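Remarks on the structure that follows.
The values are calculated or read from the model by the stated rules, or taken from the named source; none is laboratory data. Just so it is clear, the model here is predicted, and its values are computed rather than measured. Don't worry about glycine lacking a Cβ; one is built from the backbone with ideal geometry, like all the others, and counts go over all protein chains shown. We work out accessible area using only protein heavy atoms, side chains counted, and drop any ligands, DNA or RNA first. Shrake-Rupley method; radii C 1.70, N 1.55, O 1.52, S 1.80 Å.
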Amino acid sequence: MKRNPLGNTGLRVSELSFGASPLGNEFGQADPAEAARAVRRAIELGINCFDTSPYYGRTLSEKRLGEALDGADYARGAARDDIVLTTKCGRYDNAGFDFSAGRVKRSIDESLTRLRTSYVDVLFAHDVEFGDPRQIIEETIPALREIQASGKARFIGITGFPVKLLQTIAEAARVDAIMSYCRYNLLMDDLDNALAPYCEGQGIGLFNASPLHMRALTETGPPEWHPAPDAAKAVAATVAALCKERGARVDEVALQFCLAWPRASTTVVGMSKVSHVESNVAAMANRPDPGLLSEIAALVAPVKNAAWRCGRPENEGFEWEHGDAHR
């Protein structure tokens with residue numbers, strides 16, 4: 001599998017990454033044994049980047065991923081060196097956020113225990129739109145750098161939904177990687193407008209997560225908690241029907257569309273079964289039909305880039321300039 005540079009870090013990540021949130025039952029009950037087999041199969045097929053968080057399954061994803069990777073013998077010798085393992089800190093429950101330096105430092109130790117390793121390759125501050133940007137910039141990111149200096153994380157970054165806020169924070173406090181979700185896929189592509197070129201110019205590794213728009217772009221449709229506007233979810237269902245009519249699977253078309261985008265270091269898709277891994281890797285062998293993409297674009301046009309409110313209300317329109325927060 002092709003491996004791409006992760007910004008200026010020197011790391012190389014598989015173009016397809018294993019998103020481990022489903023291991024934490026975020027999209028339904030996952031079978032632990034099958035999840036472990038999926039992780040091992042991913043490694044066999046060339047996937048070397050695995051992403052998790054203490055928030056996913058409220059630590060369950062980290063525990064299961066750590067067990068699976070340990071069972072894959074990753075923790076011993078050169079095998080661990082070939083894995084790019086990322087986790088997060090700052091978000092621990094639906095409304096449980098703590099971006100303080102002390103909590104961040106405790107969090108990495110807890111994560112390392114669950115992941116059965118002595119370091120992670122990237123440690124992200126998770127969903128920064130739910131924090132105070134001043135604290136993220138002045139306290140959280142410096143704490144992440146201290147963790148990096150200790151050797152517990154090789155590189156550090158931030159994740160979130162609002163692309164403007166991610167860029168604003170990165171402009172004020174240097175980071176090595178940014179993970180954006182649901183902002184570049186068949187329904188939304190505004191990640192391409194500002195944040196992606198900024199990352200390119202600054203040598204920041206860019207993770208494009210949720211190519212299936214948090215499962216809206218699947219034949220079964222989105223989970224009940226999906227925050228997208230109803231109109232966008234309805235169009236996603238229409239897109240799925242169109243793909244089926246054309247003899248294609250909407251999830252494969254959506255994944256192929258994202259993999260063809262050159263600006264992301266890697267595309268992160270959630271997996272918990274061997275069949276998920278194998279079908280996703282198989283989809284990489286093809287590119288979507290341009291005619292079908294044109295039809296999809298026409299369907300999506302009325303709801304293109306339909307986002308949703310996410311994070312603290314006071315962070316909407318947040319900017320950072322010359323050390324001052326203003327709107």
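Normalising by the residue count of the range 192-259, find the relative contact order in percent from Cα pairs under 8 Å and 6+ residues apart. If you can, show how the numbers build up before the last one.
On the way: 48 pairs, mean separation 20.4, N = 68.
It rounds to 30 percent for the range 192-259.
Using only alpha carbons, build the gyration tensor for the range 229-325 and give me the equivalent ellipsoid semi-axes, biggest first, whole Å.
After scaling each eigenvalue by five and taking roots: 31, 19, 14 Å.
Counting other Cβ atoms within 10 Å, keep those with at most 11, restrict to DSSP loop, and tell me which chymotrypsin sites (Phe, Trp or Tyr not before Pro) in the range 186-268 are left.
Details: sites: Tyr198, Phe207, Trp225, Phe257; in loops: Trp225.
When the chymotrypsin sites (Phe, Trp or Tyr not before Pro) of the range 186-268 are filtered for loop state and at most 11 Cβ neighbours within 10 Å, Trp225 remain.
Could you work out the relative contact order of the range 32-72? I mean the mean sequence separation of Cα pairs under 8 Å and 6+ apart, divided by the number of residues, in percent. Don't skip to the answer; put the middle values down first.
Working: 28 pairs, mean separation 21.7, N = 41.
Across the range 32-72, relative contact order equals 53 percent.
Using a 1.4 Å probe on the protein chains only, how many percent of the accessible area of the range 240-314 belongs to carbon and sulfur?
Working: 1890 of 3640 Å².
Reported share for carbon and sulfur atoms: 52 percent.
Is the shape of the range 83-184 best called rounded, prolate or oblate, per the rule: a/c under 1.5 gives rounded, else a/b larger than b/c gives prolate, else oblate, with a ≥ b ≥ c the square roots of the Cα gyration tensor eigenvalues? Can you show the working numbers first?
Values: a/c = 1.44, a/b = 1.40, b/c = 1.03.
Judged from the Cα gyration tensor, the range 83-184 comes out rounded (a/c under 1.5).
Mind giving me the FRET efficiency for Asn193 and Glu110? R0 is 30 Å, r the Cβ-Cβ distance, nearest 0.05 is fine.
With R0 = 30 Å, the Cβ-Cβ based efficiency is 0.20.
By the gyration tensor of its Cα atoms, with a ≥ b ≥ c the square roots of the eigenvalues, what is the shape of the range 138-280: rounded for a/c under 1.5, prolate for a/b over b/c, or oblate?
Values: a/c = 2.24, a/b = 1.94, b/c = 1.15.
The shape class here is prolate.
For the range 55-110, what is the accessible area per residue in Å² when the probe is 1.4 Å?
Details: 2200 Å² over 56 residues.
Averaged over the residues of the range 55-110, the accessible area is 39 Å².
Summing -39500 (n - 2.57) over the DSSP H runs of n ≥ 4 in the chain and dividing by its residue number, what mean residue ellipticity at 222 nm do you reach, to the nearest 500 deg cm²/dmol? Working shown, then result.
Details: 11 runs with 119 residues, N = 327.
Computed ellipticity for the chain at 222 nm equals -11000 deg cm²/dmol.
Give the lysines whose C-alpha is closer than 18 Å to that of Lys304, dropping any in the same chain fewer than 8 places away, or say none.
Lys164, Lys233
In terms of modelled amide H atoms, which long-range or inter-chain residues lie less than 5 Å from the amide H of Thr266?
Distant-sequence amide H within range of Thr266: Leu206, Asn208.
When a/c is below 1.5 the answer is rounded, else prolate if a/b is larger than b/c, else oblate, so apply that to the range 1-104 with a ≥ b ≥ c taken from the square roots of the Cα gyration tensor eigenvalues.
Values: a/c = 1.89, a/b = 1.24, b/c = 1.52.
Here the range 1-104 falls in the oblate category.
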